[in-house]
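Since every read-out is calculated from the coordinates, none of them should be taken as a lab result. Keep in mind the model is a prediction, meaning the values are calculated, not measured. Glycine gets a Cβ as well: all are built from the backbone with ideal geometry, and neighbour counts include every protein chain shown.
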Amino acid sequence: MVGVVKSGRPRWLAGLVCAVVMLALGCARHTWKRDDVMTWEGCCEGADACLAFLQEVHGPDTGERWLPPEQACAAWKLGRAEEDVVPRLVQLLSHADRRIRGGVAQALAAMGEKAKGAVPALLAAYEREPGGMALHALSSLDDERAAPAIVRHLLESRMSTLEHLGPTLAPVLLDVLENPESSWEALVRVRYVLARRASSHTENVVPRLRMLLARELAEPILRRPPGASCPAAPAPSCEAIFDGCTPRAAYVASVLAAHERRGAEVAPEALQALQRADVRLTPVALQALVAFESPAAVPLVLQQLAVPECRARALTSLASLGPVARPAATEPLLRLLATGEEGWERARAAEALGRGGDAVALAALRQAVYAPHSEVQAAAIEALGSDAFRAHEEELVPLLQQVVATHASPVARSHARLALEWLSGQEVRPPDSIDCARVIPCHGAGWKLCQGHTSLQLHWEKPKAPPRLGPCAGVPDGDSASVLEAMGEACLVGRDDGEFGGTLEVHEAGRVTVLEEPQANPLQAVRMRGTLVVVEGLAHLAGGAGRLVRVDETEGRWRATPWVTLPGAPMAYALGEAGDLVVGTTNQRLDEVVCGQAGAFAPAHVLRVTVDGRLAPVEPDGQP
């Protein structure tokens with residue numbers, strides 16, 4: 001949802017934020033329309049009608065991966081049909097129209113055990129059309145007969161399909177990691193999928209991965225994918241880089257890092273990986289130790305903190321380590337909070353101090369509440385309101401109440417309100433709510449709200465069509481990426497999966513640099529006075545969360561800087577004539593947004609973000 005703000009008066013944006021929120025209020029079901037891709041209950045009734053509707057196509061086939069509404073709706077209904085329609089669907093797997101074949105495969109995928117008899121026909125359909133929807137059905141049915149086809153066509157398979165492999169088929173991905181002949185491209189894809197599925201197969205996967213990592217580290221010379229040519233050591237980086245020179249051990253260690261605490265038993269192997277002093281393996285092994293909350297990571301992360309190019313990564317790691325980094329990290333973080341050159345550095349230092357919970361930091365954090373930079377103020381408030389300082393509740397509550405009532409920063413007020421609600425268990429109504437009842441709702445220019453069990457995701461109405469030329473043309477599953485932005489010869493790729501997190505990566509010829517994983521919700525990339533900024537956010541049961549991430553490159557090395565924290569989930573944005581970014585956010589809780597419990601007022605904000613990362617509220621007359 002993007003527009004251009006004229007004359008510095010973005011009054012429409014505040015209304016647009018409210019309109020999007022109001023459109024989501026209420027749980028009523030809607031009558032099905034052809035362009036309604038969210039509620040399909042009324043498209044057809046009964047197997048015969050839905051089979052007929054499945055075969056109803058409009059216009060020529062444009063080749064888009066995603067099914068048109070007719071086929072998607074019919075497949076949804078047929079997948080839940082109580083009648084045995086499998087034989088009739090199998091006959092349609094050979095239909096001349098690709099859209100109908102895709103709808104059939106999707107219906108079979110939704111049937112589970114009832115569709116197991118269709119596996120031979122689906123395998124034949126997959127061999128005829130490897131790029132079709134048959135693999136999606138085979139993955140969902142989780143039948144071991146599909147394993148050879150999945151491995152054989154791994155690089156042509158969609159990553160989103162591989163993510164849905166069940167417990168029977170998922171081990172074929174581990175086979176790829178174990179196979180010394182697997183290409184680096186295959187290893188990259190498998191690493192991504194297994195890291196995304198860490199919570200699903202932890203018990204069975206971690207022991208096998210640990211044995212594999214130990215075996216790779218036992219080699220006198222670290223093994224790399226076949227065909228690797230690394231005559232000189234690549235430039236050191238603090239980010240995880242995967243290419244032909246990356247040791248196979250790094251792919252395994254990266255997957256183990258996604259298992260976090262369950263993977264902590266692998267800390268000895270991660271330490272051993274660090275001792276190999278390989279420039280590609282070291283950053284991956286260190287990130288694994290951070291994910292495992294290992295004290296052994298602290299001195300190495302503090303070394304990174306002293307390197308400007310690595311400071312963003314180090315601050316993120318220290319925040320993740322939390323109390324484990326105490327007390328070694330307290331003094332350097334306090335020094336950075338007081339003297340950091342940029343606002344984001346001081347803000348992230350305050351955030352890490354809040355996660356660490358060292359009482360020594362209380363005085364400095366209280367002082368930072370009214371620091372000159374708005375981002376530092378907000379981070380200090382969030383730190384003081386964290387659970388780590390709950391023992392100091394008596395002295396902090398009056399400060400938080402004062403911030404809610406009088407602080408100039410809307411982000412600081414938002415964090416203080418949430419902290420007070422956390423401490424008291426009672427709702428604190430924001431004094432600066434926007435009266436959404438006065439806004440006439442209308443459809444937005446491109447955002448769609450997708451409700452999950454615990455979160456609300458913001459997506460585009462239709463998938464983006466990947467460009468045919470340029471650095472983003474060859475990105476796997478580019479049409480399902482939330483961010484796809486060309487940067488010279490590189491492509492910035494963001495993938496968002498709501499409360500399950502996501503990734504932010506840079507794809508270049510022959511390598512992938514992972515900037516953020518797994519706690520990322522990239523929604524959109526915007527260029528702000530020559531700076532590339534990624535808008536991230538999520539609305540969930542605890543309220544909205546959002547931030548702006550700056551993407552930078554220095555001498556061929558990429559990094560993501562957690563630049564600005566937003567007061568809630570971003571719902572709209574625009575660029576002003578001066579080049580500043582204007583963002584509309586809401587901190588509404590998911591149950592209030594979806595089920596209409598909010599009433600007329602919503603804690604929404606419209607903010608101007610300056611080039612140095614400062615936030616200022618935009619008043620109704622358009623003046624900050």
(message) With just the Cα atoms defining each centre, how far is the range 501-521 from the range 352-389? Give it in Å.
(response) 29 Å
(request) Towards the positive end of the charge dipole of the range 113-189, with charges on Cβ (+1 Lys, Arg; -1 Asp, Glu), say which of 148, 123, 170 has the farthest Cα. (result) 123
(message) Around residue 495, under 9 Å between beta carbons, what's the net of Lys plus Arg minus Asp minus Glu among the other residues?
(response) -3
(request) Along Cα→Cβ, 7 Å out, is where each label goes; now give me the distance between the ones at residue 339 and residue 45 in nm to one decimal. (result) 7.5 nm
(message) Using Cβ counts within 10 Å as a stand-in for footprinting exposure, how do 45, 516 rank, fewest first?
(response) 45, 516
(request) Per residue of the range 357-362, in order, report the coupling 6.51 cos²θ - 1.76 cosθ + 1.60 (Karplus, θ = phi - 60°) as ³J(HN,Hα) in whole Hz, putting x for Gly and Pro. (result) x, 6, 4, 4, 7, 4
(message) Around residue 276, under 15 Å between beta carbons, what's the net of Lys plus Arg minus Asp minus Glu among the other residues?
(response) +1
(request) List 183, 229 from most exposed to least, where exposure is judged by having the fewest other Cβ atoms within 10 Å. (result) 229, 183
(request) At 0.36 nm per residue, minus the direct Cα-Cα distance, what do residue 84 and residue 279 gain on full extension? Give it in nm, one decimal, please. (result) 64.5 nm
(request) May I ask you to evaluate 6.51 cos²θ - 1.76 cosθ + 1.60, the Karplus curve with θ = phi - 60°, for each residue of the range 257-270 and list the ³J(HN,Hα) values in order in whole Hz, giving x for glycine and proline? (result) 4, 5, 7, 6, 5, 5, x, 4, 5, 8, 3, x, 5, 5
(request) Tell me which residues come under 5 Å, amide H to amide H, from residue 166 once H is placed; ignore anything under 5 positions away on its chain. (result) 142
(message) Apply the Karplus curve 6.51 cos²θ - 1.76 cosθ + 1.60, θ = phi - 60°, to the phi angles in the range 55-68 and return the couplings in whole Hz, x for Gly and Pro.
(response) 8, 8, 10, 10, x, x, 6, 7, x, 5, 5, 7, 5, x
(message) Between residue 58 and residue 391, what is the label-point separation in nm under the 7 Å Cα-to-beta-carbon projection?
(response) 6.4 nm
(request) Could you pull out every residue, at least 5 positions away or on a different chain, whose amide H is within less than 5 Å of the one on residue 371? Hs are placed 1.01 Å off N in the peptide plane, and Pro or chain starts have none. (result) 377
(request) Rounded, prolate or oblate: pick one for the range 112-166, where a ≥ b ≥ c are the square roots of the eigenvalues of its C-alpha gyration tensor, a/c under 1.5 means rounded, and failing that, prolate if a/b is larger than b/c, else oblate. (result) oblate
(request) Report, in debye and to the nearest 20, how large the dipole of the range 295-431 comes out about its Cα centre when Lys and Arg carry +1 and Asp and Glu carry -1 on their Cβ. (result) 100 debye
(request) Please list 549-556, 55-62 highest first by mean number of surrounding beta-carbon atoms within 10 Å per residue. (result) 549-556, 55-62
(message) Take residue 66 and residue 402, extend 7 Å from each Cα along the Cα→Cβ direction, and tell me the distance between the two endpoints in nm.
(response) 5.0 nm
(message) Less than 9 Å Cβ to Cβ from residue 560, Lys/Arg counted +1 and Asp/Glu -1: what total charge do the surrounding residues give?
(response) 0
(request) Averaging sequence separations of C-alpha pairs under 8 Å and six or more residues apart, then dividing by the length of the range 37-169, give the relative contact order as a whole percent. (result) 19 percent
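Can you bin the range 505-590 into rounded, prolate or oblate? Criterion: square roots of the alpha carbon gyration tensor eigenvalues sorted a ≥ b ≥ c, rounded for a/c under 1.5, prolate for a/b above b/c, oblate for the rest.
Oblate, since a/c reaches 1.5 and b/c is not below a/b.
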(request) Quote the FRET efficiency, to the nearest 0.05, computed for residue 367 versus residue 147 with a Förster distance R0 of 51 Å and r equal to the Cβ-Cβ distance. (result) 0.25
